[in-house]
Amino acid sequence: MNNKKDFAMGFIIGMAVMILCIIGYGIYDTQVRWDGGMSPNRKVREIYSRVSNHSILPFDRAEMIENMYRGLLAGVGDPYTRYFDLESLEVFRTRTQGVFVGIGVRVVMDPNDHMLTFVNVFRDSPAGQAGLLPGDKVISVDGLDMMGRSQQEILDFIRGPAGTNVNISILRPYESKIFDVDIIRSHITVPTVHHEMIQTDAGLTGYVRIEGFEEPTYAQFAAALAELTYKGMDSLIVDVRNNPGGLLDSVVAIADLLIPEGNVTFLEDANGRRRYHNSDYSYLGIPLVVLINERSASASEVLGGAVQDTGVGVLVGEQTFGKGIVQSIFELSDGTAIKLTIAQYFTPEGNPVHDVGLTPDFVVEMDETHSRMIGELELADDPQLQMALRVVRLR
């Protein structure tokens, strides 16, 4: 009898273990066998074994693995999705705080020619002193060809310790010109806001140019508004031409100073869930124009869309870039991180921006050379600003 009981108990336990193994294998299979073939972990080990045993070229194992992570996210096919190692994550955080080591430029990877392109060159920065301009494109860095490399790879070559030299070969397409510059890297304090008062026969117009929406930008913008208001400003022009964007919280806070109570923008995630960003009842309440162009993107389009849709001001210039998607940083357990596109944003009236852009109420075109020198132009050479001054006086 005991033998029968033992056999029955053993059979039950054996069957249970078999079922668990089958279930466990199924779970394991769905987790790692993404394409139904060899599991990624096994394939990586096999590739590494082949490289280790047969490659005649030396390689850094740690760098090989880091490049694997970068390649994994590159497979998403989104130019804004990327992997941050510990060093690049620190650089990213420092840059959004408004202080970093570099040459003093904002960049984008041009989707047409896949070249790293300067969209903004900070005044008085090493890049600015070297004569670089928005629209310039990077060909090589320290003699190394940058064609075919990712944005992050090129930036890693350009960056380096403060006080060191970097040689960059530049293409300036609108002049059909290629030239080399030597630049000494330095600590860059991002000058995100510049302002002045423009006096005309019709009154005093405040002019505020925002170069990027970083952590210090709201405080700088609020201080500029306070100073201009104290000096008697009776109308305002906000210039976001050549502004590639930045932090959503920063632009929402700035929009809150300019538009009445209501929606600034709303985000919609992959599941259709919406998150609204609103302004309160207090706002500036004077005639307002926002200057835009084809290099106004992302957060700049949030601001322009809010001003246009609420009717508190008008847009002058050219069609904007059309980057209406939002990225978020997700930290991993080892301190590295990934940046993912998590939502699309819309104007207060529900208009999409991505791949569409904003259409100005008053279209004013500008030639390429002058357009890329915004911030350095005299009023007589800036037809868009001239129009903005005329329009703001009619409101």
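The values are calculated or read from the model by the stated rules, or taken from the named source; none is laboratory data. Predicted model only: the values in this text are computed from it and were never measured. Here Cβ is always computed from backbone atoms with ideal geometry, including for glycine, and neighbour counts include all displayed protein chains.
The set of residues in segment 365-395 that are closer than 17 Å to Leu288 by Cα and surrounded by 13 or more Cβ atoms within 10 Å (Cβ to Cβ) comprises Gln384, Leu385, Gln386, Met387, Ala388, Leu389, Arg390, Val391, Val392, Arg393. The residue pairs whose first member lies in segment 203-216 and is assigned by TED's automatic domain parsing to the domain that holds Glu301, whose second member is modelled with pLDDT of 90 or more and of a type in the set (Ser, Thr, Tyr), and whose beta carbons are closer than 7 Å, counting only pairs six or more residues apart or on different chains, are Gly203/Ser235; Thr205/Ser235; Ile210/Thr217; Phe213/Ser250; Glu214/Ser250; Glu215/Ser250.
Being farther than 18 Å from Val240 by Cβ and of a type in the set (Gly, Ala, Ser) is not true of Ser298. In the set Met38, Met64, only one residue is at pLDDT 60 or above, in a loop (DSSP other than H, G, I, E, B) and more than 30 Å from Phe213 (Cβ to Cβ); that residue is Met38. Taken over segment 351-395, the criterion of being assigned to a loop (DSSP other than H, G, I, E, B), without any contact (Cβ under 8 Å) to a residue 24 or more places away in the chain and over 13 Å from Ile237 (Cβ atoms) is satisfied by Asp367, Leu377, Glu378. On the stretch given as segment 158-196, residues that are out of contact with any Asp or Glu (no Cβ under 8 Å at 6 or more places or on another chain) and aliphatic (A, V, I, L, M) total 7. Going by the conditions given, is Val107 under 18 Å from Glu153 (Cα atoms), in contact (Cβ under 8 Å) with a residue 40 or more places away in the chain and part of a helix (DSSP H, G or I)? Spelling it out, it is not the case that Val107 is under 18 Å from Glu153 (Cα atoms), in contact (Cβ under 8 Å) with a residue 40 or more places away in the chain and part of a helix (DSSP H, G or I). For segment 304-321, check the following and say yes or no: at least one residue is free of Cβ contacts under 8 Å to residues at least 24 places away in the same chain and among the aliphatic types (A, V, I, L, M). Checking segment 304-321: not a single residue is free of Cβ contacts under 8 Å to residues at least 24 places away in the same chain and among the aliphatic types (A, V, I, L, M).
From the residues in segment 80-127 that are surrounded by fewer than 19 Cβ atoms within 10 Å (Cβ to Cβ) and touching a Gly at 6+ places or on another chain (Cβ under 7 Å), which one is farthest from Asn243 (Cα to Cα)? That would be Leu86. Scan segment 201-219 for residues that are over 24 Å from the mean Cα position of the chain (by Cα) and surrounded by 13 or more Cβ atoms within 10 Å (Cβ to Cβ) and jot them down. Listed by number, the residues that qualify are Ala202, Gly203, Leu204, Thr205, Gly206, Tyr207. Any residue at all in segment 266-278 that's crowded, with 22+ Cβ neighbours inside 10 Å and within 25 Å of Asn242 (Cα to Cα)? No, because not a single residue in segment 266-278 is crowded, with 22+ Cβ neighbours inside 10 Å and within 25 Å of Asn242 (Cα to Cα). Residues in segment 121-130 include none that are at pLDDT 90 or above and either within 18 Å of Glu153 (Cβ to Cβ) or in the same structural domain as Lys323 (by TED's automatic domain parsing) (or both). Scan segment 110-120 for residues that are polar (S, T, N, Q) and under 13 Å from Ile154 (Cα atoms) and the total you get is 1.
If you go through segment 293-313 and pick out every residue that is closer than 18 Å to Ile325 by Cβ and touching an Asp or Glu at 6+ places or on another chain (Cβ under 8 Å), you end up with 1. No other residue among Asp85, Asp110, Asp78, Asp124 is closer than 22 Å to Arg295 by Cα, in contact with a Lys or Arg (Cβ under 9 Å, 6 or more places away or on another chain) and not hydrophobic (A, V, I, L, M, F, W, C) apart from Asp110.
Considering Leu133, Leu155, the condition of being among the hydrophobic types (A, V, I, L, M, F, W, C), in a loop (DSSP other than H, G, I, E, B) and outside the structural domain of Arg209 (by TED's automatic domain parsing) is satisfied by Leu133 alone.
Residues of segment 67-104 that are more than 20 Å from Glu214 (Cα to Cα), assigned to a loop (DSSP other than H, G, I, E, B) and hydrophobic (A, V, I, L, M, F, W, C): Val76 alone.
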